[in-house]
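Participant: Have a look at this one before I ask anything.
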Amino acid sequence: MRISREVKTAILVISGIVLFIFLFYYLKGENLLDSSRTYYAVYDNVEGLAPSTAVTINGFPVGKVKSITFKGDGSAQLLVTMLIDTDFKFSKNSKAQLQDLGLIGGKGIEIIPVFDAGPIAESGDYLPTTVKAGITELVNKRLTPLQEKIEAVMDNVDSLLTNVNELFDDGTKDNITSSIQDLSATIANFKQTSITLNRLMETNDDKLTKTFTNFENTSTNLSQLSDSLANANLSATIKEFQNTISRVDNMVANIENGNGSVGKLLKDEGLYNNLEGASKQLEELLQDMKLNPKRYVHFSLFGKKAKRYDAEGNEIEERDN
């Protein structure tokens with residue numbers, strides 16, 4: 001069967017139109033020959049996300065961004081359409097995270113899969129969205145407080161320099177110069193003193209050596225004395241001293257308890273009263289002997305009898321028989 005030129009031309013035109021339509025949609029991110037799943041995500045700001053950008057799961061490309069349009073409800077939110085080419089199953093609660101692809105790589109979308117009891121995400125579902133802070137945003141967050149601190153420090157430095165300029169007037173500068181000169185003179189004096197001390201040390205080197213030798217000998221003698229004291233039988237001496245103290249304590253305790261002659265003398269009130277009475281009687285006797293010595297001492301050359309007295313000191317008259 002022979003095909004006419006018109007039919008060939010028609011087939012060629014139709015094939016060209018189909019190929020044009022296929023390439024047009026392919027460049028838009030749609031593959032007419034592929035059964036991809038379509039998912040949607042809504043963002044307030046896509047931050048430069050472009051169509052045909054790769055969509056990844058755990059860093060592995062599983063699809064691409066088909067289109068980015070306004071949601072159309074007057075909220076100015078952006079609707080991102082994603083085509084997923086893999087049969088990988090994940091929960092409807094999985095998140096579509098907008099994140100940086102690198103320092104100069106723009107933005108991309110990564111699906112954070114969730115495996116829970118929720119339903120499996122189907123084509124046409126809306127996925128929850130989240131935005132991961134990029135490097136630039138993190139740097140800005142770090143630099144903004146640092147910039148504020150630097151500005152505050154610069155203000156303080158400016159104020160400090162102003163105060164320093166006001167403080168260091170001509171008179172203050174002259175005083176500082178004079179102080180530096182005095183300090184230089186003091187250092188020179190210290191240097192001269194050091195030279196003098198060095199000369200003195202060199203002159204008296206032998207004497208200093210003898211002094212240190214004597215000190216070393218004294219230290220040795222003290223060490224030997226310490227060893228002698230350590231080797232002495234101090235423990236026996238201390239023990240005897242403790243025994244003596246114990247005996248003294250026992251003696252004092254016995255006296256306190258009224259034991260022994262001294263204890264009875266100190267504690268027995270009857271004995272004390274008797275001694276006190278005897279002392280008083282002895283005192284009266286001595287007083288009476290001073291006043292009336294003839295009562296106690298009688299001396300007669302002719303054998304005269306001595307007079308007798310009663311207890312009250314009255315003379316007793318004797319009767320003649």
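Each value in this text was obtained by applying a stated rule to the coordinates, not by laboratory testing. Not measured: the values here are computed from a predicted model. Cβ: placed from backbone, ideal geometry, glycine included. Neighbour counts: every protein chain shown.
Participant: If I model a spin label at ALA188 and ASP125 as a point 7 Å from the Cα along the Cα→Cβ vector, what separation in nanometres do I get?
Facilitator: The answer from the label model is 9.3 nm.
Participant: While we're here: Calculate, for LEU19 and ASP116, the FRET efficiency according to 1/(1 + (r/R0)^6) with r their C-beta to C-beta distance and R0 41 Å; round to the nearest 0.05.
Facilitator: 0.40
Participant: Rg and Dmax of region 35-132 over Cα atoms: what are they, in angstrom?
Facilitator: 12.7, 39
Participant: Tell me, what is the percent relative contact order of region 35-132, built from C-alpha pairs under 8 Å that lie six or more residues apart?
Facilitator: 35
Participant: Could you sort out which of LYS149/LYS173; LYS64/LYS107; LYS64/LYS89 sit more than 21 Å apart by Cα distance in this structure?
Facilitator: Pairs exceeding 21 Å: LYS149/LYS173.
Participant: Oh, and also: If packing is taken as the mean number of other Cβ atoms within 10 Å per residue, what is the order of 66-75, 86-95, 184-193, highest first?
Facilitator: Output ranking for 66-75, 86-95, 184-193: 86-95, 66-75, 184-193.
Participant: Taking a ≥ b ≥ c as the square roots of the Cα gyration tensor eigenvalues, with a/c under 1.5 meaning rounded and otherwise prolate when a/b beats b/c, else oblate, which class fits region 166-256?
Facilitator: In terms of gyration-tensor shape, oblate.
Participant: Right, another one. Output the peptides 273-285, 247-259 sorted from most to least packed, where packing is the average of other Cβ atoms within 10 Å over each peptide's residues.
Facilitator: Going from most to least packed, we get 247-259, 273-285.
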